[in-house]
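S.K.: Can you read through this structure? Questions will come right after.
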Amino acid sequence: MTIFRAITWNVENLFTPKPDAPIEEHTQYAFKINLIANLIQELEPDVVGFQEVGGEEPMQDLQVALNHTYPHQVVSSFPDRRGILVAFLSKLPVTAVEEIVDFPSNPATLIFRSDADGPAVAISRMGRGALMIQVEKANLSIKLVNAHLKSKLLTFKTETGRSSFSPLDEHQRAQETGIALHRRTAEALTLRLHINRWIENQDAQPLLLMGDFNDVPEAQTSLLLTGPTGSEIGTRGFNRSDQGDDARLFNLAALIPQARRFSRIHHGRKELLDQFFASEELFPRDAAGERSLPLVDSLIDYNQQLPSIADNPNLRSEEITPDHAPVVCTFTL
């Protein structure tokens with residue numbers, strides 16, 4: 001029997017302060033690093049997938065705070081324009097790494113953004129690159145994918161070409177909302193096509209997809225990632241093998257207790273944006289032929305209670321603790 005545990009956590013702008021930053025900024029950063037490290041030490045996951053990390057330096061600081069019990073770090077090479085990216089810390093040896101960034105040549109990934117007083121510009125890559133690593137535990141080789149899809153938070157070009165969180169008019173708001181939705185869908189499609197390559201016709205290749213998908217489990221982007229429908233957790237078809245199992249990912253959201261099935265609060269609305277999707281190999285069958293289920297939880301009370309956030313991120317510039325809850329899953333394999 002092998003226990004495998006993973007955490008996904010959007011740690012909200014985890015940047016190392018500049019050397020000449022005010023002492024208060026360094027103190028707040030140290031507090032945040034220790035907060036994250038303490039939770040990891042308490043749960044003892046094998047792997048942690050982070051979103052909104054500001055490079056290798058915060059990961060190195062976390063490794064020190066964790067007394068180097070997570071010696072393996074992998075950081076994406078493809079941040080967004082703000083410099084945030086995804087990263088992994090792992091107790092386990094990492095035997096393979098692959099970056100996912102460019103959109104495939106596909107009609108569904110033909111997207112354009114509009115610049116102020118200029119022509120439309122083609123978008124050819126994910127806003128934040130995704131990351132696949134492979135780790136080894138006991139006799140298992142597990143692929144882990146970490147992604148942070150396009151945010152619902154919108155910025156708008158002003159008449160002077162600057163960025164604003166308020167649109168010029170309803171036409172601009174509708175247009176930018178549509179582009180953001182299209183981008184998030186194209187990013188989900190890009191992930192799914194890579195996942196097809198990794199798991200289809202690959203016997204005994206477990207894969208766990210994690211991250212901040214900026215959509216809830218019922219959204220079409222989430223459903224696109226699961227692949228073939230009909231055997232979702234909690235349905236009659238879950239324990240029944242079918243031809244879709246080879247490509248299917250099971251969303252673990254249904255295993256989170258209903259009262260805790262959210263990871264962020266937006267304008268008072270509770271949303272589960274931080275999700276896990278697992279391939280069939282991570283659900284071994286018991287003696288009765290039933291698939292074994294992992295334990296899954298959203299740690300909404302990791303630091304008292306989650307805040308309710310608005311559409312202007314500047315309102316959180318003084319906040320220290322992440323606005324997303326970490327989500328943890330534990331498999332018995």
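S.K.: I need every pair where a residue in the range 12-24 that is assigned to a loop (DSSP other than H, G, I, E, B) has its Cβ under 6 Å from the Cβ of a residue that is among the small types (Gly, Ala, Ser) and surrounded by 10 or more Cβ atoms within 10 Å (Cβ to Cβ), sequence separation at least 6 or different chains.
M.R.: Going by the 6 Å Cβ cut-off, the qualifying pairs are Phe15/Gly54.
S.K.: Separate question: Just to be sure I understand the filter: pairs with C-beta atoms under 9 Å, separated by 6 or more residues or on different chains, first member in the range 292-317 and on the phi > 0 side of the Ramachandran plot, second member β-branched (Val, Ile, Thr) and assigned to a loop (DSSP other than H, G, I, E, B). Which pairs pass?
M.R.: Correct list of pairs: Gln304/Thr321.
S.K.: Ok, one more. Considering every residue within the range 275-292, establish whether at least one is among the aliphatic types (A, V, I, L, M), crowded, with 17+ Cβ neighbours inside 10 Å and modelled with pLDDT of 95 or more.
M.R.: First, the residues of the range 275-292 that are among the aliphatic types (A, V, I, L, M): 278, 282, 287-288.
This time we only want the ones that are crowded, with 17+ Cβ neighbours inside 10 Å, so: 278, 282.
Of the ones still in play, those that are also modelled with pLDDT of 95 or more are 278, 282.
So far as the range 275-292 goes, yes, one or more of its residues are among the aliphatic types (A, V, I, L, M), crowded, with 17+ Cβ neighbours inside 10 Å and modelled with pLDDT of 95 or more.
S.K.: Find all pairs meeting these conditions: Cβ atoms under 8 angstrom apart; at least six residues apart or on different chains; first residue within the range 55-67 and within 14 Å of Lys32 (Cβ to Cβ); second residue hydroxyl-bearing (Ser, Thr, Tyr) and not in a helix (DSSP H, G or I).
M.R.: Note: pairs meeting the criteria are Glu57/Thr16; Pro58/Thr16; Asp61/Thr16; Leu62/Tyr70.
S.K.: Sort out which residues of the range 71-123 are surrounded by 14 or more Cβ atoms within 10 Å (Cβ to Cβ), among the small types (Gly, Ala, Ser) and within 18 Å of the chain's Cα centre (by Cα), and write them in order of number.
M.R.: Selection gives Ser76, Ala87, Ser90.
S.K.: Within the range 323-333, restricting attention to residues that are in contact with a Lys or Arg (Cβ under 8 Å, 6 or more places away or on another chain) and in a loop (DSSP other than H, G, I, E, B), which residue is farthest from Glu200 (Cα to Cα)?
M.R.: Looking only at the range 323-333, we keep the residues that are in contact with a Lys or Arg (Cβ under 8 Å, 6 or more places away or on another chain), and these are 323-325, 328-331.
Of the ones still in play, those that are also in a loop (DSSP other than H, G, I, E, B) are 323-325.
Details: Asp323: 36, His324: 32, Ala325: 32 Å.
Looking at residues that are in contact with a Lys or Arg (Cβ under 8 Å, 6 or more places away or on another chain) and in a loop (DSSP other than H, G, I, E, B), I get Asp323.
S.K.: While we're on this one: Could you look through the range 280-315, keep only residues that are of a type in the set (Asp, Glu) and not in a helix (DSSP H, G or I), and pick out the one that is nearest to Asp212 (Cα to Cα)? Give the steps one after another, and end with the answer.
M.R.: As a first pass, look at the range 280-315 and keep what is of a type in the set (Asp, Glu): 280-281, 286, 290, 297, 301, 311.
Subset that is not in a helix (DSSP H, G or I): 286, 290, 297, 301, 311.
Values: Asp286: 32, Glu290: 30, Asp297: 15, Asp301: 18, Asp311: 17 Å.
Taking the candidates together, the pick is Asp297.
S.K.: Further question on the same structure: Of everything in the range 200-221, what is part of a helix (DSSP H, G or I) and crowded, with 21+ Cβ neighbours inside 10 Å? Give them in sequence order.
M.R.: Start the filter on the range 200-221 by keeping residues that are part of a helix (DSSP H, G or I), which leaves 220-221.
Listed by number, the list holds a single entry, Thr221.
S.K.: Taking Asp46, is it under 18 Å from the mean Cα position of the chain (by Cα), among the acidic types (Asp, Glu) and modelled with pLDDT of 95 or more? Give the derivation first.
M.R.: Working: under 18 Å from the mean Cα position of the chain (by Cα): yes; among the acidic types (Asp, Glu): yes; modelled with pLDDT of 95 or more: yes.
The answer is yes for Asp46.
S.K.: Scanning for something in a loop (DSSP other than H, G, I, E, B), surrounded by fewer than 21 Cβ atoms within 10 Å (Cβ to Cβ) and among the small types (Gly, Ala, Ser), does the range 44-58 turn up at least one residue?
M.R.: There is at least one residue in the range 44-58 that is in a loop (DSSP other than H, G, I, E, B), surrounded by fewer than 21 Cβ atoms within 10 Å (Cβ to Cβ) and among the small types (Gly, Ala, Ser).
S.K.: Could I ask something else about it? Looking at Val74, Val97, Val86, Val64, which one is assigned to a helix (DSSP H, G or I), at negative phi and β-branched (Val, Ile, Thr)?
M.R.: Checking each option against the conditions leaves just Val64.
S.K.: Right, something else. Can you give me the number of residues within the range 103-160 that are within 24 Å of Thr185 (Cβ to Cβ), touching a Gly at 6+ places or on another chain (Cβ under 6 Å) and modelled with pLDDT under 85? Don't jump to the end; show me each part of the working.
M.R.: In the first step, residues of the range 103-160 are kept if they are within 24 Å of Thr185 (Cβ to Cβ); the result is 103-115, 119-132, 143-157.
Then keep just the ones that are touching a Gly at 6+ places or on another chain (Cβ under 6 Å); that gives 146-148, 150.
Still in the running and modelled with pLDDT under 85: none.
Counting residues in the range 103-160 that are within 24 Å of Thr185 (Cβ to Cβ), touching a Gly at 6+ places or on another chain (Cβ under 6 Å) and modelled with pLDDT under 85 gives 0.
S.K.: On to the next question. What are the residues in the range 221-278 that are of a type in the set (Gly, Ala, Ser) and within 23 Å of Thr330 (Cβ to Cβ), if any?
M.R.: Ser222, Ser231, Gly234, Ala253, Ala254, Ala259, Ser263, Ala278
S.K.: Given the conditions (1) surrounded by 21 or more Cβ atoms within 10 Å (Cβ to Cβ); (2) closer than 18 Å to His148 by Cα, which single one is not true for Glu271?
M.R.: Unmet for Glu271, out of (1) surrounded by 21 or more Cβ atoms within 10 Å (Cβ to Cβ); (2) closer than 18 Å to His148 by Cα: (1).
The values are calculated or read from the model by the stated rules, or taken from the named source; none is laboratory data. Because the structure is predicted, anything quoted here is derived from the model rather than measured. Cβ coordinates were reconstructed from backbone atoms using ideal geometry, including for glycine residues, and neighbour counts include every protein chain displayed.
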